[in-house]
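Input: a single structure, listed below in C-alpha cells.
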Amino acid sequence: MHGLRSVTAIILAGGLGTRLRSIIADRPKPLAEIRGRPFLAYLLDQLIASGVNLVVLCTGYLGEQVRAAFGDSYGSLRLLYSQEASPLGTAGALRLALSLFDSDPVLVMNGDSFFEADLTTFWEWHCARTADATLLLAEASDTKRYGRVHVDDAGLVLGFEEKNHNGGAGWINAGVYLLTRRLVETIPANRAVSLEREMFPSWIGRGLYGYRSKGRFLDIGTPESLAVARDFFV
C-alpha cells in the first residue's frame, strides 16, 4: 500500500456523455446513479482501498455538479478540481491539471469505467520496469467496441488496433494509467487532445508498457452498459 500513498490520482470526469443523454440528460456521466450512489463514488472507494490520499477531478460538462456532490473531501481522500472551460479531450484535460499534480508519476483513471484490478500490484509492476507510462489492460472476449492493444512478452506496447467489426478476444485499454510528468508535458496545451487516439500511439517506443490483468471491466458509456452496472456492483 505504501507505494500509492504518495501518488496523486487524476480522474478524467469531463466527458460530454452524448450517448447517455437520453437517460441522464441532467447530469454528467460520472454522476450516473448506480444502486443509489454516483458512479464516481465507486472509483473513489477503489482509490481509498489502494491507499491513495489525493485526487484531482478533471471536470468539464456540468462540472459544478461534481464539485457540489463531493466537495473537498471524500472519506480519507482530499479532492481538488480542474475545470475546463471548453472540451479538451482526455489528454487536454490532463495537461490542464498539471500544476495540481503532487507526484511523479501520477495515476490516471477514466471517470466512466471501472476495472476490478489490484492497483498496488499495477504500481509495483510499473516501478519494476522504470516505465514512463503503463496502461492497465483488461482481457475482453469481444474487442470490437473497444479496439485492442498489442504488447510483446515483456509488456512493451507494440501498437493499437482501432475499433472494428472483426472483434474476437484480446486485450483492451482499461482506462487506468501510470504516467510520468515528462510524458504529460509533451501533450500540447490549450487545445483538445486525445490520449487514446493521439498521445498513446506517439509514445510507442518511449517507455510505454501495458500491464495485463485479469478482472471484471465495466464501461458505462452506453445505455446498454449502464444498465448492467447495477449487477456489477452487487
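Listed values, structure above:
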| read-out | value |
| --- | --- |
| Top-ranked residue in segment 49-63 [being modelled with pLDDT under 95 and in a loop (DSSP other than H, G, I, E, B); ranked as most open to solvent (accessible area, probe 1.4 Å)] | 61 |
| Residues located in segment 112-142, provided they are surrounded by 14 or more Cβ atoms within 10 Å (Cβ to Cβ), of a type in the set (Gly, Ala, Ser) and more than 12 Å from residue 210 (Cβ to Cβ) | 113, 117, 140 |
| Residue in segment 212-221 that is touching a Ser or Thr at 6+ places or on another chain (Cβ under 6 Å), outside any helix (DSSP H, G or I) and modelled with pLDDT under 95 present | yes |
| Flag if residue 82 is touching a residue at least 24 places away in the same chain (Cβ under 8 Å) and crowded, with 20+ Cβ neighbours inside 10 Å | yes |
| Lone qualifier among 104, 26 - being of a type in the set (Asp, Glu), without any contact (Cβ under 8 Å) to a residue 60 or more places away in the chain and open to solvent by 50 Å² or more (accessible area, probe 1.4 Å) | 26 |
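Every residue, every condition in (1) surrounded by 13 or more Cβ atoms within 10 Å (Cβ to Cβ); (2) more than 30 Å from residue 83 (Cβ to Cβ), yes or no:
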residue	(1), (2)
144	yes, yes
175	yes, no
178	yes, no
183	yes, no
193	yes, no
205	no, yes
211	yes, yes
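The values are calculated or read from the model by the stated rules, or taken from the named source; none is laboratory data. Quick caveat, the model's predicted, so the values are computed rather than measured. Note that each Cβ is placed from the backbone with ideal geometry, even for glycine, and that neighbours are counted across all protein chains shown. Note: accessible area is taken over every heavy atom of the protein model, side chains too, but ligands, DNA and RNA are not part of it. Shrake-Rupley method; radii C 1.70, N 1.55, O 1.52, S 1.80 Å.
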